[in-house]
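Beneath this line is the structure, given in structure tokens, with notes to follow.
Nothing in this text is a laboratory measurement; each read-out follows from the coordinates by a stated rule. Keep in mind it's a predicted model, so treat the numbers as computed, not measured. In this analysis, Cβ positions are derived from the backbone assuming ideal geometry, glycine residues included, and neighbour counts consider all displayed protein chains.
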Amino acid sequence: MTVGAVLAAAGLLFAASAQLADTSGGRDAQDLATLADAEARRVTELASRAEDLDAEVRALDRQVAADVPRTDPALAARQGVAAGTLPVTGPGLTVSLDDAPPSSWSISGATADDLVVHQQDLQDVINALWAGGAEAMTLQGERVTATSAFRCSGNILLLHGKVFSPPYVVTVVGDPDQLEAALDRSEGVQTYRDYVSLMNLGWAVQRHDAVELPAYSAGSGLRHAQVPDGTDVFS
């Protein structure tokens with residue numbers, strides 16, 4: 001082989017090697033130092049962005065704390081009393097109603113209905129006490145709330161899924177003078193008291209300087225109401 005041919009072959013090899021080594025347009029970088037510098041700059045930029053976002057979140061939290069209306073603590077307490085979720089302590093009354101004793105059967109003209117406490121009797125007492133300014137109430141030790149409902153069947157009382165027998169005891173927190181005056185004004189209560197005189201039904205009113213009524217605790221109860229599907233609430 002001549003010297004010229006050898007030089008020509010060597011030139012071709014060098015050119016091919018250079019082309020194989022040129023990966024500047026390839027997918028993988030071969031300059032590790034440059035790659036490390038680029039990634040370090042990217043991490044710095046992301047860290048700075050994260051700090052900016054964190055500062056923005058803190059600013060929004062402060063804005064929410066300042067702008068969103070909060071329930072007044074006194075109002076929240078009153079709502080808790082009305083809903084029965086808070087215990088209540090204060091002056092008040094206890095009213096007790098009871099069936100007549102067996103001896104009342106000997107009274108001329110007495111019937112079975114005359115000798116027992118009826119649902120209406122309890123309702124008259126309870127309504128009179130609410131009208132007299134009762135702040136909170138229990139019936140048979142059960143806190144009475146807006147969703148409470150009781151029913152008398154015979155001489156038993158059904159309340160909050162429980163069964164009670166007489167005497168029936170209603171305790172309220174409120175001004176004792178106003179509460180007693182409200183009982184005296186109630187026509188229904190007066191009718192019951194007439195039967196107290198005629199048939200010896202039980203009736204007692206006790207004043208309290210301080211009485212504590214527990215919070216409502218009769219099970220899961222009502223958590224929320226939901227409009228049935230298909231109901232047009234704006235009609």
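Numbers for the structure displayed
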item: Per-region count, segment 189-206, residues in contact (Cβ under 8 Å) with a residue 60 or more places away in the chain and surrounded by 15 or more Cβ atoms within 10 Å (Cβ to Cβ); result: 8
item: Search result, residues across segment 147-179 that are surrounded by fewer than 17 Cβ atoms within 10 Å (Cβ to Cβ) and within 20 Å of Ala128 (Cα to Cα); result: Thr147, Ala149, Arg151, Pro167, Asp177, Gln178
